[in-house]
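Undergrad: Sharing a structure with you now.
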Amino acid sequence: RNPVARAAADVRLMAGDPYSPLVRKLFAAPAHAAPTAGKPPHGASVFLEGQGVAVRLNAHSGAKEGLVLTFRARGCPHFLAACEWLCRRYSGKSLTELGVFKPAEIMQTLGIPAAKSGRILMLEDAVRALDTCFEPDRAP
């Protein structure tokens with residue numbers, strides 16, 4: 001992990017604030033939160049639950065706008081901010097670009113403690129599962 005980010009996280013924890021300003025911002029205003037619960041009427045959707053969190057990650061791909069990502073999630077502020085960050089980062093991108101998503105990038109960018117890495121790996125699993133929804137049918 002980046003030593004500057006680690007030092008900043010240590011200072012926040014010593015000051016009694018476990019959340020970075022970016023986590024607070026993303027948690028407070030999740031622009032990509034899906035308007036309704038459940039599977040959307042079009043596109044692909046995956047639901048995963050575990051590690052004390054749950055996430056439904058939705059995507060549809062338009063010819064002009066690229067991927068449109070939304071989410072519904074339950075969990076700690078770090079996890080909800082990570083879901084929003086992912087959707088902001090990859091909306092408008094291609095499926096190929098989403099496929100290179102690395103959990104370490106979220107951990108470093110948001111200053112998420114290593115103790116919560118399992119939750120971020122759940123988000124990675126949701127991204128991988130979503131990617132398979134767009135694969136062509138390989139049935140014989």
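Undergrad: Take the solvent-accessible surface of the protein heavy atoms, probe 1.4 Å, and return the percent of it on segment 40-122 that carbon and sulfur atoms account for.
TA: Numbers: 2060 of 3700 Å².
Looking at segment 40-122 in its full context, I get 56 percent from C and S.
Undergrad: Using a cut-off of 29 Å between alpha-carbon atoms, which lysines can reach K116, once sequence neighbours fewer than 8 places away in the same chain are excluded?
TA: Here the lysines satisfying the reach criterion relative to K116 are K25, K39, K93, K102.
Undergrad: Would you mind calculating the relative contact order of segment 26-122 from Cα pairs under 8 angstrom and at least 6 residues apart, reporting the percent as a whole number? Kindly include the intermediate steps, with their values, before the conclusion.
TA: Details: 139 pairs, mean separation 25.8, N = 97.
This gives 27 percent for segment 26-122.
Undergrad: More than 19 Å apart: what percent of Cα pairs in segment 7-112 qualify? List each step's numbers first, then the result.
TA: Details: 2604 of 5565 pairs.
Here the tail beyond 19 Å accounts for 47 percent of pairs.
The values are calculated or read from the model by the stated rules, or taken from the named source; none is laboratory data. Computed from a predicted model, the values in this text were never measured in an experiment. We work out accessible area using only protein heavy atoms, side chains counted, and drop any ligands, DNA or RNA first. Shrake-Rupley method; radii C 1.70, N 1.55, O 1.52, S 1.80 Å.
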